[in-house]
Amino acid sequence: MSSTLAVPATGSTPLPSARLPLGGLLALAAVVFTGVVTEILPAGLLPQMSADLGISDSQVGALVAVYAIATAITAIPLTALTRAVPRRMLLVSLVLGFALVNAVTALAPSYAVILVARVIGGMLAGLLWAMAAGYAMRMVAAERAGRALSIAMVGTPLAFAFGLPIATALGSAFGWREAFGAMAALSLGLALWAALALPSFPGERAGERPSLLAVLRMPGLAVVLGTTAAFVLAHNVAYTYIAPLTRASGVSDHLDIALLVFGVLAVAGVLTAGVLADRHLRGMVVLAAILLGVAMLALGLWGENAVAVFLAIALWGFAYGGAPTLFQSAPARIAGSSADVAQSMVVATWNGSIALGAFIGGLAIDGTGVWILPWLTIALLALSTLLAVSSRAAFARVR
């Protein structure tokens, strides 16, 4: 089998532009940014929501959990059901859906209404993550797909580094309902931007749709999913418990600064992955695992040294920042015209690994202590690396 793969288009030839279509790609980045902030916003507004609604902190936290679970469960079936829908129409509809979900949350009279809205939001997010990467890659020629994807995916680290703190500050100043209302208004504006800036791609024609099982059996895709699962699981085993992990060094007392450092370096990681992923995809996956492993090694050996911990968090952010670009480039190249279906499998794997990572990390802390987390993460990263190098088809470079 050849070690290089081209990126086929879905129903249309990618724009053979000599330069990146920044208007459309930035619109996608803004949509991704909005989707991520919508998902994690309850965590930043926890005290206000808990006090106003008369519920516990854990119930507010559940609003984030049910969103992720809904995404993981529904991404594959909803993507399969909407394969024939024109892509721009579907994307704009999803953004309008985010506006509605945020508006309902802002006006909701009870926790139960918010919970239902969050489930619907998670379902919309599953579709968004499944199609956003393929959309970005179809807008350009194959040799520029990685760079296009990195621009679209930069919305994720920006949401963590800047979007959530800004939205949280807005909620603290004016109220949590106003924060969700602002997100609803932002989503409406983004829907208009996306409708104007994005090219139109048709959905898959009936005779060109392989089954879900046929897509899963495409050479290399199962390995990509396994590598993704191990890498994201490794990250979340530690990241979920970053506060206790940094307590011995005193960095937990300045966790907002540490997470800002993480987010800024994650942006750098996204841009670096975009430049190198088209020609060195497998090497970048392995390098990301090694760099994250080095960061965990530093935390394991020098976890009481504040300087070492800050440096480790910076390296951690850089290594993890490029992960969405790397792990979403691979299935799009493998699946071609069925890229969105393949991406939905990555979405389900990714979100399932987030939930499982939190669970495994909690068990490890309760059974052994927080000191075990870096070493458990290193073991999972080793597995991710072994899987990445086990298949020539999984992370092949663009021809």
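The values are calculated or read from the model by the stated rules, or taken from the named source; none is laboratory data. Source: prediction; values computed, not measured. Cβ: placed from backbone, ideal geometry, glycine included. Neighbour counts: every protein chain shown. For accessibility, only protein heavy atoms count, side chains too; no ligands or nucleic acids. Shrake-Rupley method; radii C 1.70, N 1.55, O 1.52, S 1.80 Å.
For this structure, a couple of remarks:
- Only one entry of L297, L383, L311, L315 meets the criterion of being within 22 Å of the chain's Cα centre (by Cα) and under 22 Å from L259 (Cβ atoms), and that entry is L315.
- If only residues of segment 370-399 that are modelled with pLDDT of 90 or more and open to solvent by less than 20 Å² (accessible area, probe 1.4 Å) are counted, the one that is farthest from H280 (Cα to Cα) is L373.
- Only one of the listed residues (D253, D278) is within 19 Å of A161 (Cα to Cα) and acidic (D, E). That residue is D253.
- Count - residues of segment 109-118 that are surrounded by fewer than 18 Cβ atoms within 10 Å (Cβ to Cβ) and either without any contact (Cβ under 8 Å) to a residue 12 or more places away in the chain or charged (D, E, K, R) (or both): 4
- A single member of P77, P21, P86 is within 29 Å of A148 (Cα to Cα), open to solvent by 40 Å² or more (accessible area, probe 1.4 Å) and either charged (D, E, K, R) or touching a residue at least 60 places away in the same chain (Cβ under 8 Å) (or both), and it is P86.
- Hits in segment 95-108 (condition: buried (at least 23 other Cβ atoms within 10 Å of the Cβ) and hydrophobic (A, V, I, L, M, F, W, C)): V95, F98, V101
- Selection status of L292, under 19 Å from S150 (Cβ atoms) and either out of contact with any Phe, Trp or Tyr (no Cβ under 9 Å at 6 or more places or on another chain) or in a helix (DSSP H, G or I) (or both): yes
- Top-ranked residue of segment 222-240 - restricted to ones that are part of a helix (DSSP H, G or I) and more than 17 Å from G322 (Cα to Cα), ranked as most open to solvent (accessible area, probe 1.4 Å): A222
- Test: I334 is assigned to a helix (DSSP H, G or I), touching a Phe, Trp or Tyr at 6+ places or on another chain (Cβ under 7 Å) and either open to solvent by less than 10 Å² (accessible area, probe 1.4 Å) or β-branched (V, I, T) (or both): no
- Residue check, I360 under 16 Å from T228 (Cα atoms), part of a helix (DSSP H, G or I) and either touching a Phe, Trp or Tyr at 6+ places or on another chain (Cβ under 6 Å) or open to solvent by 50 Å² or more (accessible area, probe 1.4 Å) (or both): no
- Leading residue by the ranking (surrounded by the most Cβ atoms within 10 Å (Cβ to Cβ)) among those in segment 241-261 that are in contact (Cβ under 8 Å) with a residue 12 or more places away in the chain and in contact with a Ser or Thr (Cβ under 6 Å, 6 or more places away or on another chain): T246
- Checklist (1) more than 21 Å from the chain's Cα centre (by Cα); (2) surrounded by fewer than 19 Cβ atoms within 10 Å (Cβ to Cβ); (3) closer than 25 Å to A43 by Cβ; (4) touching a residue at least 40 places away in the same chain (Cβ under 8 Å) applied to S200, failing item: (3)
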